[in-house]
Amino acid sequence: MTFNIDWNRYKCIDLSWTVTANQTTPDRPFEVRLGKLGDGTNKFDIIHTHTHVGTHVESPWHFYGKGKTCAEYPLEYFMGPAALLDPVPPPDELLVRLTSVKSILEPLRGKFEILYVRNSTERRPIRYHMECIPYFAQLGIKLFIFDVTVGFGETDEDGRTFHDLLMSRDILLVEFPDNGSAIDKNLFYLFAVPTKVYGIDSNPCRLFAIVEK
């Protein structure tokens, strides 16, 4: 039977960050130069970029300098049912607390394999208390996606703990999503399909969601 999506019931939302040829931002460059293939058709030589430009999936190799890279995970690892986490803490709360996170995710337990953490507040960034990280690690998810304006803990060491607790459980990180405000359901189906390149710590991906209308 042919797989079919009823587009009268569902919509496809592109969540990928747009990368522009010859963008020269200091930490996210993507410099290219037009060239020719042997048959006279066009190509672009990639002059200067790195593995964390645009939406990308980070493998354990990124943090540990060893272990699996994205190309070594099965393709189905990069798709599945997803849940949205987008708490709005009280103005006097400096950090998102575990109680707020649980109030959103516990009713959805068992219904998702991917977590998308969005920031719809005016805070830049919004930060999660470190008590949330072990909880995230124990959810049984395979992908953890978070907005560029979302942080975990308050120090560099907190950031390392965040990476370690998730990646030691084969939870891959997806960074630099975009257009997350278009997601209007708590549950949806998500794809984060990375390029199949071996031997690098992080792979660019096309990130998109199938959401019920």
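Counting only residues that are of a type outside the set (A, V, I, L, M, F, W, C) and in a strand (DSSP E or B), how many does segment 116-131 have? Break it down into steps so the answer makes sense when it comes.
The first filter runs over segment 116-131 and keeps only residues of a type outside the set (A, V, I, L, M, F, W, C), leaving 116, 118-125, 127-129, 131.
Filter again for in a strand (DSSP E or B), leaving 116, 127-128.
Here the count works out to 3.
Is there any pair with a first residue in segment 1-24 that is within 15 Å of Phe208 (Cα to Cα) and a second that is of a type in the set (S, T, N, Q) and assigned to a loop (DSSP other than H, G, I, E, B) whose Cβ atoms are under 6 Å apart and which are 6 or more apart or on different chains, and what are they?
Leu15/Asn179; Ser16/Thr55; Trp17/Thr55
So, in segment 145-187, how many residues would count as being in contact with a helix residue (DSSP H, G or I) (Cβ under 6 Å, 6 or more places away or on another chain) and farther than 20 Å from Leu95 by Cα?
2
Restricting to segment 60-87, give me the number of residues that are surrounded by fewer than 13 Cβ atoms within 10 Å (Cβ to Cβ) and touching a strand residue (DSSP E or B) at 6+ places or on another chain (Cβ under 9 Å).
1
Among the residues that make up segment 125-148, is at least one of them free of Cβ contacts under 8 Å to residues at least 40 places away in the same chain, touching a Phe, Trp or Tyr at 6+ places or on another chain (Cβ under 9 Å) and among the basic types (Lys, Arg)?
Yes, there is a match, as at least one residue in segment 125-148 is free of Cβ contacts under 8 Å to residues at least 40 places away in the same chain, touching a Phe, Trp or Tyr at 6+ places or on another chain (Cβ under 9 Å) and among the basic types (Lys, Arg).
Would you point out the residue of segment 1-25, among those that are hydrophobic (A, V, I, L, M, F, W, C) and over 24 Å from Tyr116 (Cβ atoms), that is nearest to the chain's Cα centre (by Cα)? Spell out how you get there, then give the answer.
Keep residues of segment 1-25 that are hydrophobic (A, V, I, L, M, F, W, C), which gives 1, 3, 5, 7, 12-13, 15, 17, 19, 21.
Filter again for over 24 Å from Tyr116 (Cβ atoms), leaving 1, 21.
Numbers: Met1: 32, Ala21: 22 Å.
Among them, the one singled out is Ala21.
One line per residue, one yes/no per condition, for (1) surrounded by 11 or more Cβ atoms within 10 Å (Cβ to Cβ); (2) modelled with pLDDT of 95 or more; (3) among the small types (Gly, Ala, Ser); (4) at positive phi:
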{"site": "Gln23", "(1), (2), (3), (4)": "yes, yes, no, no"}
{"site": "Pro26", "(1), (2), (3), (4)": "no, no, no, no"}
{"site": "Leu37", "(1), (2), (3), (4)": "no, yes, no, no"}
{"site": "Asn42", "(1), (2), (3), (4)": "no, yes, no, no"}
{"site": "Thr51", "(1), (2), (3), (4)": "yes, yes, no, no"}
{"site": "Gly54", "(1), (2), (3), (4)": "yes, yes, yes, yes"}
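Could you list, in sequence order, the residues of segment 153-211 that are small (Gly, Ala, Ser), within 19 Å of Ser16 (Cα to Cα), touching a strand residue (DSSP E or B) at 6+ places or on another chain (Cβ under 7 Å) and surrounded by fewer than 15 Cβ atoms within 10 Å (Cβ to Cβ)?
If the condition is that a residue be small (Gly, Ala, Ser), within 19 Å of Ser16 (Cα to Cα), touching a strand residue (DSSP E or B) at 6+ places or on another chain (Cβ under 7 Å) and surrounded by fewer than 15 Cβ atoms within 10 Å (Cβ to Cβ), then Ala182 is the only one that fits.
Over 18 Å from Asp147 (Cα atoms) and either surrounded by fewer than 11 Cβ atoms within 10 Å (Cβ to Cβ) or modelled with pLDDT of 95 or more (or both): does that describe Arg33? Spell out the reasoning first.
Details: over 18 Å from Asp147 (Cα atoms): yes; either surrounded by fewer than 11 Cβ atoms within 10 Å (Cβ to Cβ) or modelled with pLDDT of 95 or more (or both): yes.
Answer is yes for this residue.
Quick one: which residue in Pro87, Pro107 is farther than 30 Å from Tyr198 by Cα and either among the small types (Gly, Ala, Ser) or in contact with a helix residue (DSSP H, G or I) (Cβ under 6 Å, 6 or more places away or on another chain) (or both)? Let's see the steps before the verdict.
Working: Pro107 fails: either among the small types (Gly, Ala, Ser) or in contact with a helix residue (DSSP H, G or I) (Cβ under 6 Å, 6 or more places away or on another chain) (or both).
Going through Pro87, Pro107 in turn, just one is farther than 30 Å from Tyr198 by Cα and either among the small types (Gly, Ala, Ser) or in contact with a helix residue (DSSP H, G or I) (Cβ under 6 Å, 6 or more places away or on another chain) (or both): Pro87.
The values are calculated or read from the model by the stated rules, or taken from the named source; none is laboratory data. What you see is a predicted model; the values in this text were computed from it and never measured. Methodologically, a virtual Cβ is constructed for each residue, glycine included, from the backbone with ideal geometry; neighbour enumeration extends over all protein chains shown.
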